[in-house]
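The values are calculated or read from the model by the stated rules, or taken from the named source; none is laboratory data. As the structure is a prediction and not an experimental result, all values here were calculated from the model. Ideal geometry is used to build each Cβ from the backbone, glycine not excepted, and the neighbour counts take in all protein chains shown. These accessible areas exclude ligands, DNA and RNA; they are computed on the full protein's heavy atoms, side chains included. Shrake-Rupley method; radii C 1.70, N 1.55, O 1.52, S 1.80 Å.
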Amino acid sequence: MQDFIQLIKSRSDEHEMAFSRLHDLPGSMMSILRQELDSLIRVLYLLSIPDLAERRRLMACTINGERWKVTTQNGKQAIVTDSDMVAVSEKFQGWARSVYKFGCAFIHLSNFHGYNSSNPLDALSAEEKADILEHMRYYHHGPKSDNPTFRELAIYFPMVFEKVKGNLECYLNDLAEEIPVENVL
């Protein structure tokens, strides 16, 4: 378990260093933010598992370079997908799905990379855009505009990163202490 936690902390610390150097590259900032969210949703998924032995098994899978698989109700093995983990994380962090989905567009080559000539926020549904803006305003007091440009939104990325990193650190402490799931939710 300690190896897994150290792996996550090392990744997060490197993200923090990278973030501090990318102040004028918002697409790259979003990619790193998405990677930090990847760590967060994995930790939240683990915390949702009441069986501590199963938590430890999945952490060992990461250390051993194996995909996470769980036994279904039919007794078959199923790969744990990002979608599965994001769904579980919604119980902890209501904003995770919106930001994760938005961030995925910066991990994979997409039209979002044309943010210098078009606004990627315009490609979101009204609901997704409203979710992102609601969370940005609640946690970071902006942006004020209902139709911000990507560059206006990017001003808040360092604060978003710090919030995600801080949450990740708290949940890693819960994981290390093997806190029961009912005490985390």
Which distance in nm do the two modelled labels at His140 and Glu90 give, with both placed 7 Å along the Cα-to-Cβ direction? 2.3
Carbon/sulfur accessible area of the chain, % of total, 1.4 Å probe, equals 50
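Measuring with a 1.4 Å probe in the full set of protein chains, what accessible area per residue, in whole Å², belongs to the chain?
In whole numbers, the chain has 53 Å² accessible per residue.
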Match the structure shown to one of the listed values (1) 49, 36, 31; (2) 52, 32, 27; (3) 53, 40, 37 of Cα extents along the principal axes in Å, computed from it, and give that label. (1)
MRE, 222 nm, helices only [DSSP H, n ≥ 4, -39500 (n - 2.57), over the chain, to nearest 500]: -20500 deg cm²/dmol
Within the chain, which is the longest segment containing none of the trypsin sites (Lys or Arg not before Pro) that sit in a DSSP loop and have at most 13 other Cβ atoms within 10 Å? 77-143
Using 0.36 nm per residue, how much length does the chain from Asp122 to Asp3 gain when fully extended, once their Cα-Cα distance is taken away? 38.7 nm
